[in-house]
Every structure is written in structure tokens, then in C-alpha cells.
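Notes to accompany the following structure.
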Amino acid sequence: MFIEQISIFIENKEGRLAEVTAILRDANVNIRALSLADTTDFGVLRLIVDNNQKAEKALKKEGFKVGITQVLAVEVMDEPGGLNKILDPFLENEVNLEYMYAFANPKTKNAIMIFRFDDHDKALKILAAKNIKVFTSQEISNL
């Protein structure tokens, strides 16, 4: 039920994000979701793509440091309090949310959020107990 996220460490300077996206474009890799967090000198670009192997190979070839992280893609109801229906059970069970970002896709009725927890196995059990949809890599690729 985990999906793989690519993390790229990039210098915080003009044109670096465009360089990464051009490399992926030229490798025919589609970006499904992204998050960019920065500091003064560097940023961490987190991506969900349609082909991790092609993306990793293309980026490494161009000298980028690439990491692969397991994350969860979770359906969040598009209604007031929808996100709290996901977050509250983790608070109650002391599961820490390290970060999250949205997955924009017009084919789905509800939102899809990417989550990184400190204990993914426990998080999966909580989501299953609450009957909350967790997407597989294949399902994400087919969106």
C-alpha cells in the first residue's frame, strides 16, 4: 500500500526547479504531485511521478542526489472536516505526521493527500480500521 516518492536535494537558486522538471520532461516522466520545501541555500523537492526508475536514472545522470521514500497516498473527503477525519485518529494513537502535501487530480471526486508518518505500519492499521482509502502505486499511475 505504500507508494514511492522521489526526493531531490536542489540548490536554492534561480532555474534549478525548471532544470529538474526539464530533465523529467525529456525523460518522458509525468509529475503527479510535488512539494518543495526550502532553506536559505537548499531545498527538498518531493515528487510522485509515473515512473520512478526513469526519473531516478535521468536525474542521477545529470548529477542530482535522489532519494526514494515510502509514503501513503490517502483519500480525503472533500467536505468540511475531511482532513480532520484523517488526522484525528493519528493524534489519538500518537502517530506523528512528518509532512503532507496534496495530489491534484480532476479524475477523483475527493482529494488525495500524500502523507509521511513516523510509523507507516501503525498508520496503515489506523486507516484500515477507519475504512479510509489508501491508494496503491498502480492506482496512482492510472489516475
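The values are calculated or read from the model by the stated rules, or taken from the named source; none is laboratory data. All of these numbers come straight from a predicted model, not from anything done at the bench. Positions of Cβ are backbone-derived with ideal geometry, glycine not excepted, and every protein chain shown enters the neighbour counts.
Numbers below:
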| item | result |
| --- | --- |
| Of all residues in the stretch 1-22 being among the hydrophobic types (A, V, I, L, M, F, W, C) and not in a helix (DSSP H, G or I), the one that is modelled with the lowest pLDDT | 1 |
| Residue list for the stretch 52-73, filter: out of contact with any helix residue (DSSP H, G or I) (no Cβ under 6 Å at 6 or more places or on another chain) and touching a residue at least 60 places away in the same chain (Cβ under 8 Å) | 67, 68, 69, 70, 71, 72 |
| Subset of the stretch 27-38 [touching a helix residue (DSSP H, G or I) at 6+ places or on another chain (Cβ under 7 Å) and either of a type in the set (Asp, Glu) or surrounded by 17 or more Cβ atoms within 10 Å (Cβ to Cβ) (or both)] | 27, 29, 32 |
| Residue that is free of Cβ contacts under 8 Å to residues at least 40 places away in the same chain and within 12 Å of the chain's Cα centre (by Cα), where the choices are 113, 77, 100 | 100 |
| Some residue of the stretch 28-36 being over 16 Å from the mean Cα position of the chain (by Cα) and either outside any helix (DSSP H, G or I) or not basic (Lys, Arg) (or both) | yes |
